[in-house]
Amino acid sequence: MSKHALVLMSGGLDSTTVAAHALREGWEVRGLCIGYGQRHAREIDSAKAVAAALGVPLHVADAAFYGGLAAHSALTSEAHAVPSGRAPEAMAETIPVTYVPLRNTFFVTAAAAALESWMLARIEEEGIEPASLHAAVFVGANAIDYSGYPDCRPEFYEALERVLRLGSKLGSAYGVGIGIEAPIIRMSKAEIVAHGVALGAPLHLTWSCYAGGAVPCGTCDSCLLRAAGFAEAGVADPALAR
Ligand SMILES: [Zn+2]
């Protein structure tokens, strides 16, 4: 069985841990980082640094148009402020304004398209037996610490996996499913930190902050969850020491 992984890499703690996880599990890994017209593109620099540190080839795709379509979000429009200083309970109460309309659906579909193209080339150009191929998109989605996002839930990925099988040539002509692997979806942030550290993931290169700035703001939901995760895991955040 040859295992092919297309890992969505945002430069953050979660996707970096997932990339290291896929490598450790013996997948041949390619990374995809999508610029989606977000207000702050600092994370793309982190994704490049993380991929280089892991030795993973990274494709940086420019999908800047997406932010213009998915404009009702604090991450794509200046008309909405990034929430600051919120308690964890308040974060999980409603779907937050940092939700970007159907972003994960778009991301996973784009990654699946790249993965399907990779697999079709292997089958149709290299003559690889389809039954020997195992292909999956890896995502750093997490449903535990921050349950406000509908597109971070396990049932969403189960449904999307079915869509990808039905809608792809790889699935319908060759019987090869495009799996979606979300290895940290049920971990707490502290467990993700511990897992990343155990894997030797380059967490010092990651960027999680929703705000733009030379250093993380420390007060957005993402910064607060990250800080709480490192504190609970008993690990100093190596990105802050730089
Ligand atoms: Zn922040």
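Tabulated data
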| quantity | calculated |
| --- | --- |
| Some residue of segment 168-182 being surrounded by fewer than 22 Cβ atoms within 10 Å (Cβ to Cβ), in contact (Cβ under 8 Å) with a residue 24 or more places away in the chain and at positive phi | yes |
| Residue selected from segment 131-148 under the condition in contact with a Lys or Arg (Cβ under 9 Å, 6 or more places away or on another chain) and free of Cβ contacts under 8 Å to residues at least 60 places away in the same chain, by the criterion nearest to residue 92 (Cα to Cα) | 147 |
| Answer from 194, 131, 159, 241 - the residue that is more than 16 Å from the ligand (Cβ to nearest atom) and buried (at least 17 other Cβ atoms within 10 Å of the Cβ) | 194 |
| Residues of segment 203-221 satisfying the condition of being without any contact (Cβ under 8 Å) to a residue 24 or more places away in the chain and either surrounded by 15 or more Cβ atoms within 10 Å (Cβ to Cβ) or within 20 Å of the chain's Cα centre (by Cα) (or both) | 218 |
| Which numbered condition residue 89 misses (of (1) assigned to a helix (DSSP H, G or I); (2) at pLDDT 95 or above; (3) not aliphatic (A, V, I, L, M)) | (2) |
| Residue satisfying condition, being outside any helix (DSSP H, G or I) and within 16 Å of the ligand (Cβ to nearest atom), within set 148, 218, 229 | 218 |
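Residue-wise test of (1) surrounded by 15 or more Cβ atoms within 10 Å (Cβ to Cβ); (2) among the hydroxyl-bearing types (Ser, Thr, Tyr).
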{"position": "6", "(1), (2)": "yes, no"}
{"position": "15", "(1), (2)": "yes, yes"}
{"position": "24", "(1), (2)": "no, no"}
{"position": "32", "(1), (2)": "yes, no"}
{"position": "54", "(1), (2)": "yes, no"}
{"position": "57", "(1), (2)": "no, no"}
{"position": "65", "(1), (2)": "no, no"}
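The values are calculated or read from the model by the stated rules, or taken from the named source; none is laboratory data. Everything quoted here is computed from the prediction, not taken from an experiment. Note: ideal-geometry Cβ built from the backbone for every residue, glycine included; neighbour counts use all protein chains shown.
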